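Working notes, structure below.
The values are calculated or read from the model by the stated rules, or taken from the named source; none is laboratory data. From a predicted model like this one, the values you see are computed outputs, not experimental measurements. Counting neighbours? That spans all protein chains shown, and the Cβs are built from the backbone with ideal geometry, glycine included. Surface accessibility is based on the protein's heavy atoms, side chains included, excluding ligands, DNA and RNA. Shrake-Rupley method; radii C 1.70, N 1.55, O 1.52, S 1.80 Å.
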Amino acid sequence: DCLDAFTPLEFGITTNEQAQCKIDFRDGNLSTMQFFFGGSNYFVTNHTQKMKLPSGTADGLTLQNDGTFDLYVKCQDANGNVNEDVYVIEYCVKKGPDTTPPVIVDTSITSGSPIRFGANAVPLEVYTQEPAQCKWSRTSKPYDDMENRFTCATSPTQLNGDLSYTCAGNMTGVLDRAENQFYLRCQDYANNTMAQSYPFVLKGSQPLTILESSPNGTLYGATTTVPVTLGVKTDAGAEAGKASCYYSAPATLGEPLKFFATES
């Protein structure tokens, strides 16, 4: 069957020895083919290509839409031997107008994550499976009524490394010590709009505090080098005191040193 538009597609080839492969829309000499298979010029046996139809790949291979198309593959081994009979991969994309709304496939911050105390505004990236315009609001409402707009990729060629499209903006009015609820919606360039809001939560945190540290006072020993065990107990912060702790001393050069046992 033919693929739907903006389908994430991953396929590969296996060579009988380590080889370097290229892929193009035109059959020709290996030296004139434009793109390395999977964006890699390594000599390997397993070669993987990721693409999203009809837009292309993260390394610049622009793919076509509405019809049946061929991709041509040629490989060479480390001694320069090339498969003279080109390997052809055929694919097709369904014809017809885009009638499906965009989908938010991921965000740069996981919903429900704690945010630094006093941040107020938090930069966020939203990733969609097709080019779209996205908005956000503090309450769930229709796309046209949402007050805040993201800046979004506008071209099918503006893929990121994960073969999705990026919208960037600032989530403002983030309150400390509170669960901040936001709602996101997107609309593609065929005016298909998400029917339901995408809920997103940022958890406002509180300052991290050191409750106690040890040892206290002056330590003495019978030798010129006295082993000392440093201890710190933390509280509050983003995860009820869970923290990474560091120390420095007059004899320490460069950056502070991380505790051997920490992150708790």
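Say R0 is 30 Å: what FRET efficiency, to the nearest 0.05, do Y42 and K94 get from their beta-carbon distance?
The pair Y42/K94 has a calculated efficiency of 0.30.
Suppose all protein chains stay in the model; what accessible area per residue would a 1.4 Å probe give for the chain, in Å²?
For the chain, the per-residue accessible area is 60 Å².
Round to the nearest 0.05 the FRET efficiency obtained for V232 and T107 when R0 = 51 Å and r is the Cβ-Cβ distance.
With a Förster radius of 51 Å, E is 0.95.
Full extension from F260 to F25: what is 0.36 nm times the residue separation minus their Cα-Cα distance, to one decimal in nm?
79.1 nm
Answer rounded, prolate or oblate for segment 77-119, using the Cα gyration tensor with square roots of eigenvalues a ≥ b ≥ c: rounded when a/c is under 1.5, else prolate when a/b is larger than b/c, else oblate. Could you put the intermediate results ahead of the total?
Working: a/c = 7.51, a/b = 1.72, b/c = 4.37.
Judged from the Cα gyration tensor, segment 77-119 comes out oblate (a/c at least 1.5, b/c at or above a/b).
Return the single residue from N120, N16, N216 with maximal mean-square fluctuation; model: Gaussian network over the chain, springs between Cα atoms under 10 Å.
N216
Say each of E239 and F69 gets a label point 7 Å from the Cα, pointing the same way as Cα to Cβ; how far apart are those two points in nm?
About 4.4 nm separates the two model spin labels.
Are there cysteines in the chain with no second cysteine's Cβ under 4.7 Å away, and if so, which?
C245
Cα convex hull of segment 151-206: mean projected area in nm², to one decimal?
Numbers: hull surface 20.9 nm².
With the hull built on Cα positions only, its mean projection is 5.2 nm².
For a quick check of understanding: with a 1.4 angstrom probe and all protein chains in place, what accessible area in square angstrom does M194 have, to the nearest ten?
The accessible area comes out at roughly 20 Å².
Report P(r) for the chain: all Cα-Cα distances, bin width 5 Å, range 0 to the bin holding the largest distance, values in whole percent.
The percentages, shortest bin first, are 1, 5, 9, 11, 10, 9, 8, 8, 9, 8, 7, 6, 4, 2, 1, 1, 0, 0.
How far apart, in nanometres, would the label points at A121 and A190 be if each is projected 7 angstrom from Cα along the Cα-to-Cβ direction?
Simple spin-label model gives 3.6 nm for this pair.
How many percent of the accessible area of segment 153-264 is carbon or sulfur, using a 1.4 Å probe?
52
Once amide H atoms are placed 1.01 Å from N in the peptide plane, what residues at a sequence separation of 5 or more from A243, or on another chain, have their amide H within under 5 Å of its amide H?
Excluding prolines and chain starts, which carry no amide H, the hits are E263, S264.
If the cut-off is 30 Å between C-alpha atoms, which lysines fall inside it for K95, apart from same-chain ones fewer than 8 positions away?
K95 reaches K22, K50, K52, K74, K135.
Gaussian network model of the chain, Cα springs within a sub-10 Å range: biggest mean-square fluctuation belongs to which of G169, G118, G38?
Residue with maximal mean-square fluctuation among G169, G118, G38: G118.
Starting from the residue with the highest accessible area, list Y42, Y220, Y247, Y87 in decreasing order, probe 1.4 Å. Numbers along the way, then the final one.
On the way: Y42 155, Y220 190, Y247 75, Y87 125 Å².
Result, largest first: Y220, Y42, Y87, Y247.
Can you give the Kirkwood hydrodynamic radius for segment 113-264, in Å, rounded to one decimal and based on Cα pairs?
Values: mean 1/r = 0.0516 Å⁻¹.
This gives a value of 19.4 Å.
Based on the alpha carbons, how large is the Rg to Rh ratio for segment 199-264 when Rh follows Kirkwood?
Reported Rg/Rh, Kirkwood definition of Rh: 1.12.
Per 0.36 nm of contour for each residue apart, how much would the distance between T172 and T151 grow if the chain were fully extended, relative to their Cα-Cα spacing?
6.1 nm
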